[in-house]
1. Under a point spin-label approximation (7 Å from Cα along Cα-to-Cβ), what is the Asp24-Arg376 distance to one decimal in nm?
2. How much length would be gained if the chain were fully extended between Thr168 and Glu121, taking 0.36 nm per residue of separation minus their Cα-Cα distance, in nm to one decimal?
3. Take the alpha carbon atoms of region 8-101, find their radius of gyration, then divide it by 2.2 N^0.38 Å using N residues; give the quotient.
4. Give me the distance between the Cα centres of region 317-338 and region 104-148, rounded to whole Å.
5. Can you give me the Rg/Rh ratio for region 319-509, using Cα atoms for both radii and the Kirkwood formula for Rh?
6. Taking amide hydrogens as modeled 1.01 Å from N in the peptide plane, which residues meet the under 5 Å criterion relative to Asp71, leaving out close sequence neighbours?
7. Given the peptides 339-351, 433-445, arrange them by the average over their residues of other C-beta atoms within 10 Å, most packed first.
8. May I ask you to derive the FRET efficiency for Lys188 and Arg99 from their Cβ-Cβ distance with R0 = 30 Å, giving the value to the nearest 0.05?
Amino acid sequence: MPTFRNPVLPGCHPDPSVCRVGADYYLVTSSFAYYPGLPLFHSRDLVRWRQLGHVLNRPGQLPLHGLDVSDGVWAPTVRHHDGTFYVVSTVAVNRQGSRTFVVTADDPAGPWSDPVPLEAEGIDPSLFFDDDGRCWFTACRDALDGGGPGELWMRELDLDRLQLVGPTHVLWHGAVRGAWVEAPHLYKRDGVYHLIAAEGGTERNHSVTAARSRDVTGPYVTDPRSPLLTHRHRGSGEPIHNVGHVDLVDTPEGETWAVALGVRPVEGTHTLGREVFLVPVEWTAQGPVFAPETGGVRLTERLPLVPGHAPGDEPLAAGRVDFARQAPGLEWSSLRGPVTHLVRPTPDGLAIQATPEPLTSTGVPAFIARRQQHVRFHARTRLSFPATHPGQEAGLAVFQNQDQHATLALTVDETGTPQAVLTVREAGQSTRLAATPLPPGEALLAVEGDEAGYTFRARHSDTGDWTDLATVERPFFSTERAGGFVGVHLGLYATGAGRALVRWFDYQPG
Ligand code: 6LW
């Protein structure tokens, strides 16, 4: 039986939502404080996804300044109705929804409208288009009447005015009740409304639960089989954990598949973030059965019955980016806003204008980064940075968040001698781990990761051998250690003053 490898989107791509238009599938994920916001992917087979763009890609569309990396744009839903694409999402501040919005587009590649604010409490908004053309908005919030810690609620969305209208319906408090019920999506099957949600929190107890109703506004009755999908009960040998937050899509071939988030821990911690897994679903009289053969998410799964698979296609953006010929592609992001005024392609490479804003701030540093997508990888870059003062630095960053990262920087010491310095940041403190002198001119900086750690190396570009500076243990960069909702990004940055010139950046799995 032909198979594919999960995750279908490796690296930090949390909270997936999917819809289909004809033979085309579209998927969006959370982007937190990374900019541009809400990456949008296209696929014809649900397995190979290519990024089309971002839903939020104009400055001023979303205020992210001052936010922790794990706040920002959370848990979007994408739907298509009557020729229009809709995305609803929330900007979270201090781990709570602060503003919910809807954006629309005729073409998912954009342009997307500016966000239209919706008067909605909570997080994880979703849209459901009923057969009669009415659109129902659902989300989760703190429970008002004590039925559970959280509740799912609904209002109608007026599609002409893009405003919530009519009464609020409280739909459900969840099946498990131990933690917030969240990530609601509504589906209709044979006249029954199925409300699918996540419970237990996005960590080890994550799970998929369900309720159903004959009427869209309820009452919803708990599906007694809940949880319908979880790995919460599996041991440490299980390669995939934290499974939940699903969205379902029907294929023209008559199958249903779910996209789910999950993580791949190594000895209890994960660094790649929450990734997108594809799970077969079978509809029965009882409702959806997830992964009917095994009851779990698998690293190797049978291919969906869709035409046009070309096995071997590598959808990942791996390899060397030669910045003298290529601008950074869609896989590169900045923090909290655009950096086009600081990071510019030139005929000689990518120029990064250093600014006083450090990586430890919650502003917009001179920094661009891409996801780490494999536990075993290497990243290398060739750059020059004529520093004249120890406060000026430019180089490579392994970035989990503004308070949990490592930098391998080109700078100078007090006497003006060029050197590469490895620094780690945690709990408000920066610790210098190692340094090595380098002749002036271009340098190569490298980081190699595996199950044990991240090893940092530096070398003068033309002469000499690599110098190993130090290895930082892998769990240092894990979500378990750092907290929050994101995975590691690998980036290029410059702080202080001066201009770095980056010739190329190379990311390789394995
Ligand atoms: C997301 C929610 C969640 O909105 O984490 O715990 C939030 N679960 O579903 C951020 O990804």
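1. Here the modelled spin labels are 3.8 nm apart.
2. Here the segment from Thr168 to Glu121 would lengthen by 15.8 nm.
3. On the way: Rg = 13.3 Å, N = 94, 2.2 N^0.38 = 12.4 Å.
That works out to 1.07 for region 8-101.
4. 31 Å
5. Numbers: Rg = 15.0 Å, Rh = 16.3 Å.
Taking Rg over the Kirkwood Rh, I get 0.92.
6. Ala33
7. Most protected by this proxy first, the peptides run 433-445, 339-351.
8. Numbers: r = 29 Å, r/R0 = 0.97.
Efficiency computed from Cβ-Cβ geometry: 0.55.
Coordinate-derived values only; no laboratory data. This one's a predicted model, so the numbers in the text were calculated from it and none came from an experiment. Note: ideal-geometry Cβ built from the backbone for every residue, glycine included; neighbour counts use all protein chains shown.
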